[in-house]
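One structure below.
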Amino acid sequence: MPKPKKRGSNHQRGAGGQPRNVQPFSDEDASIETMSHCSGFSDPASFTEDGPEVDEEATQEDLEYKLKGFIDLTLDKSAKTRQAALQSLKSAFSSKILYEFIMERRMTLTDSIERCIKKGKSDEQCAAAGLACLLCVQMGSGIESEEIFKTLGPVLKKIVCDGAASIQARQACATCLGICCFIVTDDITELYSTMECLENIFTKAYQRDRDTNGVSSTHNTVLHVSALLAWTLLLTICPMNEVKKKIEMHLHKLPSLLSCDDLNMRIAAGETLALLFELARETDADFFYEDMDLLTEKLRALATDGNKHRAKVDKRKQRSVFRDVLRAVEERDFPTEMVKFGPERMYIDCWVKKQTYETFKEILGSGMQYHLQSNDFLRNVFELGPPVMLDAATLKTMKISRFERHLYNSAAFKARTKARSKCRDKRADVGEFF
């Protein structure tokens, strides 16, 4: 007779030390409330008239049970298992507010992240650094977050400055260092120390390291880009006297990075220049830049770049960014953008706000809208006030019936089909399109 299988065998390590089978965190693990925050409020048509009732308490308990398992697996002997657990925790932290759950386990999470950054390989270090960012985003600014940063800050700085570490790990740690410092640091000395650490990295790009053949080296470019963007984020919270010092130190050197072969470096340098000019004019209305003609000439060339050796996608992206940068430097203008999240709207009307928004959007991904609605820290950063609470009556008014949705979709489909048919008909009068 075959031997009966042991219960729970799927969760144990197999022969030869095979890693555990970690089921990643998915959208289904998020509660119904989370999903309605993420997408439902942005489109009234997404509400259904009749839906199954969900036991939110049971769903929350099930989610927390899974997260506890992921936290335990961050201590597993298998690097693959640890990395999968870190990624699952990142997905959960970016898609849902888990303040109380994290508060009870913040020290355990901090210890796990520290261990993974210190002893893990490149991919594991990147995942751990990303989780550290989300941990601070969840906790917001406070004593608990300061304790987390006091533990992780020195470890992150060590990796960033370690030439033997992988470029990807150093890049992730540089980004994490800037974001965590932005969130938790009230100590001005620590802020300046972190900025100096990042400066020591990206200023090496000024010299444009070259090999014996005189070809520009791009090995460290991704690290320089991340360090520059993290430094720029921290500059936005510096006192004005320190901002003036940094502008005097870097404004005449940054234009050299506009000639870099790497698109991301050119864009990062251009957006940083626009932000520096914005801050300089805020501190001094009569601010004057000596090499303005040369700088605007460079920016205009990038805004109209048509070099055939560059990819079309890269050229479109570069031209779009540098048109805005040129307007900022030359005309003191910023193209206002509107961000929709749920029933609310946020206007991005300056480079400081744009830099901050883009940074957190990169970390939170698709969870950015949900955090803008519910995360007290982010709402405070963007001056959105307390979270907007929608009662059942308000939600009901936002609903439209399935029949109304069907009529609307049918009308839109017919109009679209008619327009396309007209364009495709060879017998159509060409004069109608002019």
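The values are calculated or read from the model by the stated rules, or taken from the named source; none is laboratory data. The structure displayed is predicted, hence computed values, not measured ones. Quick reminder, even Gly has a Cβ in these numbers, built from the backbone with ideal geometry, and neighbours come from all protein chains shown. These area figures cover heavy atoms from the full protein model, side chains too; ligands, DNA and RNA do not enter into them. Shrake-Rupley method; radii C 1.70, N 1.55, O 1.52, S 1.80 Å.
So that you can scan it fast, the table gives a plain yes or no per residue for (1) among the hydrophobic types (A, V, I, L, M, F, W, C); (2) in a loop (DSSP other than H, G, I, E, B):
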{"position": "ASP286", "(1), (2)": "no, yes"}
{"position": "TYR289", "(1), (2)": "no, yes"}
{"position": "LYS308", "(1), (2)": "no, yes"}
{"position": "VAL313", "(1), (2)": "yes, no"}
{"position": "ARG316", "(1), (2)": "no, no"}
{"position": "VAL325", "(1), (2)": "yes, no"}
{"position": "THR356", "(1), (2)": "no, no"}
{"position": "GLN369", "(1), (2)": "no, no"}
{"position": "MET389", "(1), (2)": "yes, yes"}
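Please tell me if THR304 is in contact with an Asp or Glu (Cβ under 8 Å, 6 or more places away or on another chain), open to solvent by 30 Å² or more (accessible area, probe 1.4 Å) and of a type in the set (Ser, Thr, Tyr).
For THR304, the condition - in contact with an Asp or Glu (Cβ under 8 Å, 6 or more places away or on another chain), open to solvent by 30 Å² or more (accessible area, probe 1.4 Å) and of a type in the set (Ser, Thr, Tyr) - is not met.
For the stretch 327-352, what are the residues that are of a type in the set (Asp, Glu) and either in a loop (DSSP other than H, G, I, E, B) or touching a strand residue (DSSP E or B) at 6+ places or on another chain (Cβ under 8 Å) (or both)?
The answer is ASP333, GLU337, ASP349.
When you go through LEU67, LEU134 one by one, which is the residue that is assigned to a helix (DSSP H, G or I), within 23 Å of the chain's Cα centre (by Cα) and within 23 Å of LEU378 (Cα to Cα)?
So the residue among LEU67, LEU134 that is assigned to a helix (DSSP H, G or I), within 23 Å of the chain's Cα centre (by Cα) and within 23 Å of LEU378 (Cα to Cα) is LEU134.
Restricting to the stretch 290-300, count the residues that are farther than 18 Å from HIS250 by Cβ and exposed (fewer than 13 other Cβ atoms within 10 Å of the Cβ).
Number of matching residues: 2.
Looking at ILE143, is it β-branched (Val, Ile, Thr), open to solvent by 20 Å² or more (accessible area, probe 1.4 Å) and assigned by the TED database to the domain that holds GLU199?
yes
Among the residues of the stretch 374-393, are any more than 27 Å from ALA174 (Cβ to Cβ), modelled with pLDDT under 90 and touching a helix residue (DSSP H, G or I) at 6+ places or on another chain (Cβ under 6 Å)?
Checking the stretch 374-393: at least one residue is more than 27 Å from ALA174 (Cβ to Cβ), modelled with pLDDT under 90 and touching a helix residue (DSSP H, G or I) at 6+ places or on another chain (Cβ under 6 Å).
In the stretch 70-127, how many are more than 24 Å from LYS361 (Cβ to Cβ), open to solvent by 40 Å² or more (accessible area, probe 1.4 Å) and not in a helix (DSSP H, G or I)?
Total satisfying the criteria: 3.
Would you mind stating whether ASP324 is open to solvent by 50 Å² or more (accessible area, probe 1.4 Å) and either without any contact (Cβ under 8 Å) to a residue 24 or more places away in the chain or over 30 Å from VAL388 (Cβ atoms) (or both)?
no
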